[in-house]
Amino acid sequence: MQEPPGLPWLRLVLAVSLDGRLAPPEGGAAQLGGAGDRRVLEEALAWADACLIGAETLRRHGTTCLIRAPDLLNRLACQGRSRQPVAIVVSRRGLLPPELPFFRQPLERWLLVAEEPAEPPAGFDRTLALPDWPAALAQLGRLGLERVAVLGGAALARSLLVADRLDELQLTLCPRLLGGSHLWLPPGASAPAAAAWVLREHRNLGGGELLLRYVRESCGSGPERSSS
């Protein structure tokens, strides 16, 4: 996918079971990855200027992931960058419980909302409109975001894939079989017919976990930083 200048590069970051599930059959917050997955997740956050989080995923987990590894935090400081990427919540109406621990985490919070709220939602530093993905991503590009990690959930991943907006997939394959309906790409999702993916990295993370990182065939290697 060749993007016009100024649009951010989107990397989907997920831990999935061997059968492609994000959560057990009964649903709930997924807790699939181990220490190796946590490390590559933090590396992706250190690579990114911002991360996209679906509102329902945030409601279930209560928080977003923070970079805690001392070497990554030191690298960010040496680069003159923020200790945490901007957390951008994607929501239809922007209705989130104010008691969520997310609102006490030490990071900058933006809201990308489809329906303009009657009042500016409390707890966010910036609110942006989401008319469609091309327009929303153009806004993010104009605000200086070049690299965005997409943290899920499945509905957000699906909407970006259907809109042909994902440039890269970072999947941690975890040694579990879960079954059920909670696939990382929901049933009925229709991926662009021309999409082809090229393996850029594979890494044994220990504990039976395997990192697989793919980019769109037409995207080249993508924007990189040493922390990626």
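Where a number appears in this text, it was derived from the coordinates with a stated rule and is not lab data. If you're wondering where the values come from, they're calculated on a predicted model, not measured in any experiment. Cβ: placed from backbone, ideal geometry, glycine included. Neighbour counts: every protein chain shown.
Find the relative contact order for segment 1-113 and round it to a whole percent, using C-alpha pairs within less than 8 Å whose residues are 6+ positions apart.
Values: 120 pairs, mean separation 25.7, N = 113.
Reported as a whole number, the value is 23 percent.
For segment 99-150, what does the alpha-carbon gyration tensor say about shape, rounded, prolate or oblate, given a ≥ b ≥ c as the root eigenvalues, a/c under 1.5 as rounded, and a/b over b/c as prolate? Verdict is oblate for segment 99-150.
Need one word for segment 9-219: rounded, prolate or oblate. Basis is the Cα gyration tensor (sqrt eigenvalues a ≥ b ≥ c); a/c below 1.5 gives rounded, then a/b vs b/c decides.
Values: a/c = 1.32, a/b = 1.20, b/c = 1.10.
Rounded is the answer for segment 9-219, as its axis ratio a/c remains below 1.5.
When Leu7, Leu140 are ordered from fewest to most other Cβ atoms inside 10 Å of their Cβ, what list results?
Values: Leu7 19, Leu140 23.
Ascending Cβ contact count within 10 Å gives the list Leu7, Leu140.
With each label modelled as a point 7 angstrom along the Cα→C-beta vector, the Arg59-Glu26 pair spans 2.0 nm. Of the GluC sites (Glu not before Pro) found in segment 113-190, those in coil by DSSP whose Cβ has at most 13 other Cβ atoms within 10 Å are Glu115.
All other residues whose Cβ lies under 9 angstrom from that of Gly94 are scored, Lys and Arg at +1 and Asp and Glu at -1, for a net of 0.
The label-point distance for Leu177 and Glu217, in a model that sets each label 7 Å from Cα toward Cβ, rounds to 3.2 nm. Footprinting exposure proxy ranking of Thr172, Thr127, fewest other C-beta atoms within 10 angstrom first, gives Thr127, Thr172.
Quick check: Cα centre of segment 50-94 to Cα centre of segment 103-141, how many Å? Computed from Cα coordinates, the inter-centre distance equals 14 Å. Calculated mean residue ellipticity, 222 nm, the chain: -6000 deg cm²/dmol, from DSSP H runs (n ≥ 4) at -39500 (n - 2.57) each, averaged per residue and rounded to 500. Need one number: nm distance between label points at Ala138 and Leu73, each 7 Å from Cα along Cα→Cβ, rounded to one decimal. In this crude spin-label approximation the distance works out to 4.0 nm. The length gained on full extension between Glu119 and Val198, counted as 0.36 nm times the residue separation minus their Cα-Cα distance, comes to 24.0 nm.
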